[in-house]
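So that we are looking at the same thing, I have put the structure below in structure tokens.
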Amino acid sequence: MNTRLKQFLAAENISQAQFADTIKVVRASVSHVMSGRNNPGYDFIKAIMSSYPTLNIEWLILGKGKMYKDTVQNSPTIPSNNDLPPIFDEPDLFDQGTYPDNMIIDETVADSQVYDNIPAISSSNTPSANAQQVVKQRKAVKVTIFFDDGTYQEMGI
């Protein structure tokens, strides 16, 4: 497989480092596969497939067929929102047009009308005047940052 991978890199006119950066693997992994030291794993092959969709993976792995796929498969077309029938017959709530009478809110409600409906708080749940409330302050001692490449860094405070 390493000879076919070398042929592919030559056809694409890219270096091993550029190839590793494109498929988002460690450069040493590409070097080890190219030298024959390691065989490529599933994640390595999957990264090649996603980065180079025109490459014939069967050719790369088994040596069968042509280097590149003959035709690119057409992806199914997704209809736009304009082509779909409406699901609900209700008006759009965010539309700036007219609204039915039952949807208009009377904003002239007096404050006293609003506060009358609030229930009184029971005094049985409130702490007594003699009780002291103890609050223990917490302090951060370590922060760990996780990066998208799988590494992390810990920092003591």
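Just so you know, all these numbers are worked out from the coordinates, no wet-lab data involved. From a predicted model like this one, the values you see are computed outputs, not experimental measurements. Cβ atoms come from the backbone with ideal geometry, glycine included; neighbour counts cover every protein chain shown.
Which of (1) buried (at least 17 other Cβ atoms within 10 Å of the Cβ); (2) of a type outside the set (F, W, Y); (3) touching a residue at least 12 places away in the same chain (Cβ under 8 Å) is the odd one out, the single condition A20 does not satisfy?
Of (1) buried (at least 17 other Cβ atoms within 10 Å of the Cβ); (2) of a type outside the set (F, W, Y); (3) touching a residue at least 12 places away in the same chain (Cβ under 8 Å), only one is false for A20: (3).
Every residue in segment 12-37 that is within 22 Å of Y68 (Cα to Cα) and either in contact with a Lys or Arg (Cβ under 6 Å, 6 or more places away or on another chain) or of a type in the set (K, R) (or both), please.
A17, A20, K24
Check off (1) in contact with a Phe, Trp or Tyr (Cβ under 9 Å, 6 or more places away or on another chain); (2) within 30 Å of T151 (Cβ to Cβ) for N56 and give me the number that stays unchecked.
(2)
Filter segment 23-50 down to the residues that are out of contact with any Phe, Trp or Tyr (no Cβ under 8 Å at 6 or more places or on another chain), in a helix (DSSP H, G or I) and either in contact (Cβ under 8 Å) with a residue 40 or more places away in the chain or surrounded by 14 or more Cβ atoms within 10 Å (Cβ to Cβ) (or both) and list them by number. Lay out the reasoning, then the answer.
Looking only at segment 23-50, we keep the residues that are out of contact with any Phe, Trp or Tyr (no Cβ under 8 Å at 6 or more places or on another chain), and these are 24, 26-28, 31-32, 34-50.
Okay, now just the ones that are also in a helix (DSSP H, G or I), so 27-28, 31-32, 34-35, 42-50.
Passing the criteria: R27, S31, H32, M34, F44, I45, A47, I48.
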